[in-house]
Amino acid sequence: MKKNTMLVNTLLAVVLGAGLMVGIVWRTFMPYVVLPELDVNACVAITLIALVLEYYISGKQERNWAVQTILGTVTFGGLSLAAGFPYAGVKTFIVGAVVFAATTFLFDSMVCRLEVTTDKKCAVIPSAFVLFLACQCFMGMF
Amino acid sequence: MKNKYVTPILAIVIVAVVLFGGKAALSGTAEKNVEIARNKMMTALLPGSTTFAPEEFDAATNSAIKSVYKGENGYVIESTAYGYNGDITLMVGVSNEGQVTGLVVENMQETRGLGADALTDVPFLAQFLLTGGDAEVGSNVDALTGATVSSKAVTKAVNSAVAYVTGADTSSSATEWGG
């Protein structure tokens, strides 16, 4: 396991920022298109993209859970506020914090198991996808 | 040694500044496009009218109404009702005689594959055309499959828009959840 470089938080900011920028441009030129909310599913998808990118760039890393969760919270809440999304607010901060911490923990647990296989490089993407599907099923219970 | 916290914090700040700047730079264009799209939509919702003027209304007594535009032969009303997963907002064209001439779902966050079908399900939305505030799920409106709450919310929003024009009282039929 490599030393913690906080890379996932940098990647999370970039991935979420890119998504929000697409949303801003979309709302500017197609104002009446209904865009998906930055809900649990969207937050999970964005977190998973950042985690997969981190894995391919620098492998599995140690975590500083407290600091990284705080940064994840600030990323989701702060960036959606900066983008001026109408549903941004306290909810986005809370959802962002819970989703980032839970998804990172679950993804890291899966990656630990993958470490023992030989084709782990290819297995990371389907693992993340299955985790996303599991989240959708979980949300469907409510 | 470089502090490992600097890079992610810097990334968050830079991305936030870029987003804020991008939004500010595009806000003028966005407002212009909203105006153009709204006029185009209102012309389609209320055939026969070409100019629309915003009209003042009493928000206290018309809690379901968000905005009102008066055309030559009727009104286009932005009305809202609580669905399954938040407010559903509609633009409803209502003639001076109190008949629905057109409607479109403006915003919603209903369940994908169920209530969200109200966005695009033409047969469902077409049921409200020419109704006069008497639309009722189970009577003259068939609900979307698996989305009764969303269907009732759309019905409530449409009836509220008609009631604004006719002056009818819809408070007795209103419930907390989806009409």
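Observations, loosely collected:
- Sequentially through region B:52-62, phi angles give Karplus couplings (6.51, -1.76, 1.60; θ = phi - 60°) of 10, 10, x, 10, 5, 8, 7, 5, 5, 8, 10 Hz, Gly and Pro residues having no value and appearing as x.
- ³J(HN,Hα) computed for each position of region A:19-29 - Karplus, 6.51 cos²θ - 1.76 cosθ + 1.60, integer Hz, glycine/proline x: x, 5, 5, 4, x, 4, 5, 4, 5, 6, 9
- Each part gets one Cα centre, and for region A:1-46 versus region B:97-144 those centres are 32 Å apart.
- Note on B:MET42, B:MET91, A:MET21: ascending count of other Cβ atoms within 10 Å places them as A:MET21, B:MET42, B:MET91, the fewest first.
- Tail beyond 31 Å, pair distance distribution of the protein assembly as shown (Cα, percent): 44
- Note on chain B: lysine pairs with Cα distance below 22 Å, sequence gap of 8 or more or different chains, count 9.
- With the helix formula -39500 (n - 2.57) applied to DSSP H stretches of n ≥ 4, chain B reaches a computed 222 nm mean residue ellipticity of -12500 deg cm²/dmol.
- Averaged over B:16-27, number of beta-carbon atoms from partner chains that fall within 10 Å: 6
- Karplus-derived 3J(HN,Hα), 6.51/-1.76/1.60, for each residue of region B:132-137, Hz, glycine and proline x: x, x, 10, 5, 8, 5
- Packing-based exposure ordering (other Cβ within 10 Å, fewest first) of A:VAL130, B:VAL141: A:VAL130, B:VAL141
- Think of each Lys and Arg Cβ as +1 and each Asp and Glu Cβ as -1; about the Cα centre, that makes the dipole of region A:10-123 roughly 40 debye.
- Angle between chain A longest axis and helix A:120-140 axis [Cα atoms, degrees, rounded to 10]: 50
- Principal-axis tilt of helix B:148-166 within chain B, Cα atoms, nearest 10 degrees: 60
- Grouping the Cα pair distances of chain A into 5 Å bins from zero gives a pair-distance distribution of 2, 10, 20, 22, 19, 14, 8, 4, 2, 0 percent in increasing distance order.
Taken together, the values in this text are just the output of simple stated rules run on the coordinates, not laboratory data. Just so we're clear, the structure is a prediction, and the values are computed from it rather than from any experiment. Note that we place each Cβ from the backbone using ideal geometry, even for glycine, and neighbour counts take in every protein chain shown.
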